[in-house]
Protein chains: 2
Amino acid sequence: MRCGELPSKAVLGERVEVRARIFADGRPRLRARVRWRAGRAGPERGWSSSPSAALEPGHEDWWSGAFDADRLGLGHFRLEAWEDRFGTWRDDVLRRIEVGVDPAPEIPSGWELLLAATARLSGSRPNEVGRARLELEGLDLESQLAYLLAPELGEELARVEGQPVVASPPAPVWVERPRALFGSWYELFPRSQGSDGRSSGTLAATRERLPALADMGFDVVYLTPIHPVGRTGRRGPNNSPVAGSADPGSPWAIGGPEGGHTAIDPQLGSLADFHALVRAARELDLEVAMDYALQCSPDHPWVQQHPDWFARRPDGTMRPAENPPKRYDDIYPLDFGCADWRALWEACYQILEYWIAQGVAIFRVDNPHTKPVPFWRSVIERLRQEHPEVILLAEAFTRPAMMRELAQVGFSQSYTYFTWRSGKDELTAYLQEVAGETGAYLRPNFFVNTPDILTAELQEGGPPAFRSRLLLAATMSSSYGIYSGFEHLEREVLQPGSEDYLDSEKYQFRPRPEAGDPTLMELIRTLNLTRRQHPALQQFRRIFFHWTDHPSLICYSKTDLDRQDRILVVANLDPFQPHESMVHLDLSELGVRDDSDFLVQDLLGGTEFHWHGAHNFVRLDPQRAPGHLFWVRP
Amino acid sequence: MRCGELPSKAVLGERVEVRARIFADGRPRLRARVRWRAGRAGPERGWSSSPSAALEPGHEDWWSGAFDADRLGLGHFRLEAWEDRFGTWRDDVLRRIEVGVDPAPEIPSGWELLLAATARLSGSRPNEVGRARLELEGLDLESQLAYLLAPELGEELARVEGQPVVASPPAPVWVERPRALFGSWYELFPRSQGSDGRSSGTLAATRERLPALADMGFDVVYLTPIHPVGRTGRRGPNNSPVAGSADPGSPWAIGGPEGGHTAIDPQLGSLADFHALVRAARELDLEVAMDYALQCSPDHPWVQQHPDWFARRPDGTMRPAENPPKRYDDIYPLDFGCADWRALWEACYQILEYWIAQGVAIFRVDNPHTKPVPFWRSVIERLRQEHPEVILLAEAFTRPAMMRELAQVGFSQSYTYFTWRSGKDELTAYLQEVAGETGAYLRPNFFVNTPDILTAELQEGGPPAFRSRLLLAATMSSSYGIYSGFEHLEREVLQPGSEDYLDSEKYQFRPRPEAGDPTLMELIRTLNLTRRQHPALQQFRRIFFHWTDHPSLICYSKTDLDRQDRILVVANLDPFQPHESMVHLDLSELGVRDDSDFLVQDLLGGTEFHWHGAHNFVRLDPQRAPGHLFWVRP
């Protein structure tokens, strides 16, 4: 968590870790706690506090603790600290005794401070303590010290809260539903579902695929745009500038005579079919996510109704989307800075309202970095008021500063650079950044592929690379996804050196058999179900990298906040060769005592190993398994 | 510089570097500048701006630039950014031409944007540009492009400032006089000056030492406390709990029948002697710094006048300073949280006022971390109003969080951990923290020794270690200091494993001959004079570490902001053995072109080397020289 104007992020039921530097002049015994207030209540109302909210001191004056995000919506936390004056006295007297200095002159202070502290004890305790003082004060030193330094008394007082003398300003936290943090995503093109390769599939056929996806353990099924596709400038197979009459065009060229962003392509089906799809998904504990792509085909109704919403040249001609030498005649960008921007922004927001009314609560936002940040800020602020359940995933493959900015203004999740991080050092550094530097506000979603990104690694590494990348994505990040065809090991590239799929589904129907590669299907299912069972895999901020002696073997552990659930992954990043190495664990990270025996169970194969101490041997053959997914047994 | 509530630091005449991430949606050509406003003027008055204030874009949307801190006191800077719309158009058209896309449809936009931009050109230029448009618009593509894309036109427009569309909030900067940033310090005990070892030296004798110190190139002479020393509980030689009748006691046990913090020990001389000392120093371009130690001996007048200002036990007895098992019966700590705290804080502030009236403008503050931070904040805020010329050096050898806090509330300088950083890796990491992470607000002062700190390195390494540490301190930090005796190679320790001097000057007179070790004296003088001649050595934020192949050879360069002055240091950290290594320079840091010849002149010996390219050989023998101090010649 961080302090600041823009909210940090949490999800309902999450135990949220906080850290702060707390210190004072001299060497007093300090105590501190975190308090939490859900909702938009007044400044002093409703601060919760519980014994579990105490902060614990650590290295170099860093204190840490946690609070429970117990209500959806905006909340605030703040840190409070005070001096435990009796505790300071106690430390001092124990030190005197230790180094052989007479503590006698300090006894009267001890009684004074104890009486002051006991005013906060409950019931008859203050009276009892007062009586003890009267009885003991005349007696010998030992009797008085025995009472004042009794461990039980110390523990009793440590449970009592003091009066804070400093408090941090309230720091905002946006609490979303748990799916914003944790979920396994599957991306598909509805028009390929049930297609024969020549004509469009349907929403009904998409619905029929859902049980298989649910069985594979997915939580979210993300649909590429389902709206009418423009005819003008339509792209043909492999992004050719000329489309045949049967070619479907890119679904991101949104809008035709049948309607725009609130219409459904009639070939896919009706609104009733869409409702049936959403309902069927819900019954399977699956959730439908839609694409939110703010651009129009030349045939979009807005082009006629609101010609001033589009970028134009001074001579009045429309300016199509282009990135010279590439030019996309099938897409007109919207001009978010046009004179009529208020109406345009409102219309864009109303698209979300429309689909929310149809039962959609997750949107994958196409290229948000090409629209103004203030637009997103206004959209997200309204959604937070009206629809706090809505989750937005930012598809911003752009510069770090812009990715962070979009996360800060409130996108629930973000695509990341994971796709292009493959070496051990770069994966480690990137995950440490994701978990640490940006962890308070940017939630990652690690996709292994997308319709636009078939990485060189998958192209060249073949099935072992598919398995390895899958294991990394599903265990490093609490949200991850695959785009369909992954399970079929699709890896034919348009041309050497590119990341474009050959015969990309963006420009043609791609029917596929339901079952993919059996080994990969089994791995996907195992990973998804394991993720549901293990809280350690349902968060992304607590990851720790352990040392291995081999540059292709990466080892990391994930734990929940109390280290009750402990997952240890050792993966081979080389898809071609088996490698072996000693793995050197930081046992304290795993909550295992030095030099003790412990059991690790490989959840990918069921094998159990009895390990001893920090240094253990591992051998991984990429033809057999991408790595070990160990559950460190209690 | 950093944005925030508490001011960053600069000195008068300093060119202050600023950095910020600046970006927008899409790919516009952005421009940005930094504006600066001295004084406490109203929100929109007096923002200065000059062409040199333009920010330049760099890696990952980081922009950098600088402003001139041109007035003492509080000022503010802010960053402003806007889109250069004609520049965006120009980039786009150049790209089209490059990739073979017809730019013709973009020409009308170009004229529109150019006319809008020229409204900000001076004199008759807008008219000339308007005429050019009328003449050329009917003509062929080439003629129009030749005009619109002419480099001179681009340069002309790039010098014109646009209307900012975003601005950062004003960020406060505290501008002090240059001595706050740059100076060579010499610490001495006035009572040892002219002493025969049995009776006290004098301020008059101290005055006689000044020409020698000035000749060695020092800028500041820092006096340990000159006040009457308490008799009660006085410490004897080597901190023994019993003092003989002739023992002077610790000068930090302040106060006796003759007076407290505003009195001068009569054995040292009179206030007139002090004035003479201050005057004599000033004539030599030396400045006197005083000790500000807020604690009292049991004989301090305040103990009688204000018994409630001191920490007491419930039975009313005074609580002496102690750190069990150590107990300092010669010192009573002040209780800054006592009921009468306002009067106490005021009295403490008035001590400063008194000495400022006597001509003192630099104070070395003893143990500020044991007093409440709000006290320092109130002191510093008053000083800033009343005496902006006053410089405070924090002697806070404490935890990092507190050191940073004291710097943030406004101490001009801080003692650092340099004293205990000796290995190549730890020196590199620490200097990068000092220059970077805390550089905006914490100014280091690198002392090589203090009356309390005789490092193991100096004890064991002998003369070569003294020379090596001196070279590091004087070139790594813009402020550095030595405590007297250093030049005599004093290194006898009280007991093995401690850092205490044997026969410490804290508890006895330590007369010394004026001249120390000739080699060390010469090195001190050369370093101090070189520091005055080279702006690169008068700042601490621009340091860069270059690679060497040997773990005992460290190499770093310092440059001023425009890389006009370039200093390169190669030092041997091993006082016992000669070492040799290739030194691999990042030539761009030195402003030298790859593969070119350049001249480096060793300012410690006068030798010149003709170096070629990035990789050069160095051999350093600690018996001969601590390292090379190269001036990279223009």
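Just so you know, all these numbers are worked out from the coordinates, no wet-lab data involved. The shown structure was predicted, so the numbers you read here are calculated from the model rather than taken from an experiment. Here Cβ is always computed from backbone atoms with ideal geometry, including for glycine, and neighbour counts include all displayed protein chains.
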Using alpha-carbon coordinates, inclination of helix A:125-136 to the longest axis of chain A, degrees: 30 degrees
Label point 7 Å beyond Cα along the C-beta direction, distances from residue A:324 to other copies (nm, shortest first): 8.0
Label distances, nm, residue B:88 versus same residue in remaining copies, Cβ-directed 7 Å point: 5.8
Cα centre as origin, Lys/Arg/Asp/Glu Cβ charges: chain A dipole, Debye: 1260 debye
Cα-derived Rg over Rh, computed across segment A:75-144 with Rh taken as Kirkwood radius: 1.09
Mean-position separation - Cα centroids, segment B:590-634 and segment B:455-507, in angstrom: 28 Å
Angle in degrees between helix A:203-215 and the longest Cα principal axis of chain A, rounded to the nearest 10: 40 degrees
From phi via Karplus (6.51, -1.76, 1.60), per-residue ³J(HN,Hα) for segment B:14-24 in Hz, x at Gly/Pro: 6, 8, 9, 7, 10, 9, 7, 8, 10, 7, 9
Lys, Arg +1 and Asp, Glu -1 on Cβ, resulting dipole of segment B:177-285 about Cα centre, debye, nearest 20: 240 debye
C-alpha center-to-center spacing [segment B:277-325, segment B:142-156] in angstrom: 72 Å
Lys, Arg +1 and Asp, Glu -1 on Cβ, resulting dipole of the protein assembly as shown about Cα centre, debye, nearest 20: 2040 debye
Alpha carbon Rg of the protein assembly as shown, scaled by the compact-globule rule 2.2 N^0.38 Å: 1.09
Cross-link table A:9/A:371; A:371/B:9; A:326/A:424; A:9/A:506, entries beyond 29 Å C-alpha to C-alpha: A:371/B:9; A:326/A:424; A:9/A:506
In degrees, nearest ten, helix A:456-476 long axis to first principal axis of chain A (Cα): 40 degrees
Amide H contacts under 5 Å for residue A:546, placed H, 5+ residues apart: A:555, A:556, A:557
For residue A:167, label point 7 Å along C-beta direction: distances to other copies, nm: 3.5
Proxy reagent accessibility, fewest Cβ within 10 Å first, across A:369, B:615, A:300: B:615, A:369, A:300
Relative contact order of chain B, defined on C-alpha pairs under 8 angstrom at six or more residues apart (%): 11 percent
